[in-house]
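One structure is given here, and the rest of the page talks about it.
The values are calculated or read from the model by the stated rules, or taken from the named source; none is laboratory data. These figures come from a predicted structure and were not determined experimentally. Every residue, glycine among them, receives a Cβ derived from its backbone with ideal geometry; neighbour counts consider all protein chains shown. Note: areas computed on protein heavy atoms with side chains; ligands, DNA, RNA excluded. Shrake-Rupley method; radii C 1.70, N 1.55, O 1.52, S 1.80 Å.
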Amino acid sequence: MNANKKDGKEQIIIFDTTLRDGEQSPGATMTFEEKLQVAELLDKMGVDVIEAGFPIASEGDFNSVSAVADLVKNATVAGLARAGQKDIDRAAEAVKNAVKPRIHTFISTSPVHMKYKLKKQPSEVLDMVVSSVSRARNFVDDVEWSGEDATRTEFEFMCRCVEAAIRAGATTINIPDTVGYTMPNEYSAFIRAIRENVPNSDKAIFSAHCHNDLGMAVANSMAGADAGIRQIECTINGLGERAGNAALEEVVMAINTRSDILPYYTNIDATMLTRASKLVSAVTSFPVQYNKAIVGRNAFAHESGIHQDGMLKNAETYEIMTPVSVGAGKTDLVMGKHSGRNAFRTKLEELGYVLSDNAFEDAFVRFKELADRKKEVFDEDIEALVDEKIANAADRVKVEALTVIAGTMGPQMATLTVDISGEGQKTVQASGNGPVDATFNAIRELMPHDAELILYQVHAVTGGTDAQAEVSVRLEDRETGRKVTARAADPDTMVASAKAYLAAINKLEIKRQQGALRSVEDLDEEARRGGP
Ligand code: KIV
Ligand code: ZN
């Protein structure tokens, strides 16, 4: 069967199995509503086939597959079925309302699976290939057949099964690397040989379904394409059984980015990749690895001085695709100990500071000292470096005493005494849902504000139960959207928390009073004149 063509390139059909293989990842279960949300986004993004689930597996799976079938407007909706009649009938029932329904039926074909899992002879398996595909064809025209563990299947037997499946009516033939065992050159040779040896192979689209146990899933899928594969089965964020499946975003961006040598196209709107990644990560509670290709938070972040310098001169020096092309906003120059002068100057300009040469050198030295102590230097840290008013903000209100009652007998209570410069000491008491909440409530009573707490983080600076606690608090001003981060350390976590929270409120207040930031030259000038 011929693939669609556009501008001299052939279409790679993107078959997304996030809702089926992806959901099989231990711990990645999604609710009914979440599955619908994901399906809707996949459909909007241009996914060609959505494998919505395994209808025989449970009542819940059946219901979600049929709801996806009802909902999806453009994509083909596939339901998975083993080779038995009941499985196939259930899958047919679940996808029957889809605009484009597909039944995807599979059976193991490798010696180890047939012997130990199925306890069947190859001849029995071959019969089941024919009966399952024929049965599925009674319900739908679009039938996909997969030989589970295909890459460990004997070549002759694989060819016989593929030929039989196509003769019985399968329109897509999937050759899964179920255990993520194959190598790219081996996989492409296998696919090529099957297509050459099976007499009716031109009557079906061949498909890759590669697992990532050796980190080869995307490489194997692309090697399969080189051998004539025109459907790639993949998942958002590479979710899936064990080490996962080929990541959809990586397949799509490999095809887009290397269009100079890859004669394929997909229907995916790549600018929706980041959104899809975030949604799947949120609904499954599976965090995305920081350095994950395409959608990891570091995928477009540059920290080393040499790289940042190159990026500022021309983004092509270190970026093979733009963050905008995958919907990820702009490149992030992460300020840290590897950042150089050029990046630091650019960051200052972004923040609204234009420094004299001397002031710049001085700020750069202080920035390097800070970066040596801290993993990541936030914008607010840099502002504090060059703007002493902000740096000294934490001193305006000081914690004098804090007593916290914690434990199982709630409500937890905090009694806080602070010293406010120019006003003297004040004491308040507050309760809360836990000791931190009680402490922060006490501070809120003392210094009412409507800033939102967007980060509260505790790190042990050293090991052991007597470790110094370092607490970071990040607040966002609801009115202006400005964010401030403050940090404080103390052997007592509650005291460190109170200090950090107070410092953050103070910083925010100072920023509010200042309004738009003045240039550091203004501040220098003020300093020369002896203050504002
Ligand atoms: O990995 C696999 O072999 C599968 C099949 C059901 C296609 O997920
Ligand atoms: Zn799989």
Residue 213 being within 21 Å of residue 80 (Cβ to Cβ) and away from ligand 2 (no atom under 16 Å from the Cβ): no
Residue among 227, 247 that is in contact with a helix residue (DSSP H, G or I) (Cβ under 6 Å, 6 or more places away or on another chain) and within 14 Å of ligand 2 (Cβ to nearest atom): 247
Filtered residue count, region 143-178, keeping only those that are under 25 Å from residue 115 (Cα atoms), within 16 Å of ligand 2 (Cβ to nearest atom) and surrounded by 19 or more Cβ atoms within 10 Å (Cβ to Cβ): 15
Pairs where the first residue, in region 74-99, is away from ligand 1 (no atom under 14 Å from the Cβ) and the second is among the acidic types (Asp, Glu) and in a helix (DSSP H, G or I), C-beta under 6 Å, 6+ apart: 74/43; 75/43; 97/70
Scan of region 179-190 for residues that are within 16 Å of ligand 2 (Cβ to nearest atom) and open to solvent by less than 30 Å² (accessible area, probe 1.4 Å), ordered by number: 180, 182, 187
Residue satisfying all of: in region 420-457; part of a helix (DSSP H, G or I) and of a type in the set (A, V, I, L, M); surrounded by the most Cβ atoms within 10 Å (Cβ to Cβ) among these: 442
Residue 510 vs. criteria modelled with pLDDT of 75 or more, within 18 Å of residue 384 (Cβ to Cβ) and open to solvent by less than 40 Å² (accessible area, probe 1.4 Å): no
Number of the condition not met by residue 193 [criteria: (1) part of a helix (DSSP H, G or I); (2) within 15 Å of ligand 2 (Cβ to nearest atom); (3) surrounded by fewer than 24 Cβ atoms within 10 Å (Cβ to Cβ)]: (2)
Failed item in (1) touching a Gly at 6+ places or on another chain (Cβ under 6 Å); (2) within 18 Å of residue 266 (Cβ to Cβ), with residue 51 passing the rest: (1)
Of residues in region 376-413 being among the acidic types (Asp, Glu) and under 19 Å from residue 497 (Cα atoms), the one modelled with the lowest pLDDT: 395
Among (1) over 21 Å from residue 179 (Cα atoms); (2) crowded, with 24+ Cβ neighbours inside 10 Å; (3) within 16 Å of ligand 2 (Cβ to nearest atom), the one test that residue 61 misses: (2)
Cβ pairs under 6 Å, 6+ apart, first in region 350-363 and more than 19 Å from residue 334 (Cα to Cα), second among the β-branched types (Val, Ile, Thr) and open to solvent by less than 40 Å² (accessible area, probe 1.4 Å): 355/520; 359/520
Candidates 77, 140, 68, 72, filtered to the one that is under 30 Å from residue 197 (Cβ atoms) and open to solvent by less than 20 Å² (accessible area, probe 1.4 Å): 140
Subset tally (residues that are open to solvent by 10 Å² or more (accessible area, probe 1.4 Å) and either in contact (Cβ under 8 Å) with a residue 40 or more places away in the chain or touching a strand residue (DSSP E or B) at 6+ places or on another chain (Cβ under 9 Å) (or both)) for region 12-29: 6
Filtered residues of region 22-33 (kept if within 22 Å of residue 246 (Cβ to Cβ) and touching a helix residue (DSSP H, G or I) at 6+ places or on another chain (Cβ under 9 Å)): 22, 23, 25, 27, 28, 29, 30
Qualifying position, being touching a helix residue (DSSP H, G or I) at 6+ places or on another chain (Cβ under 7 Å) and of a type in the set (S, T, N, Q), among 207, 134: 134
Pair list, Cβ < 9 Å and 6+ apart or interchain, from region 228-241 residues that are of a type in the set (Lys, Arg) to residues that are within 14 Å of ligand 1 (Cβ to nearest atom): 230/206; 230/207
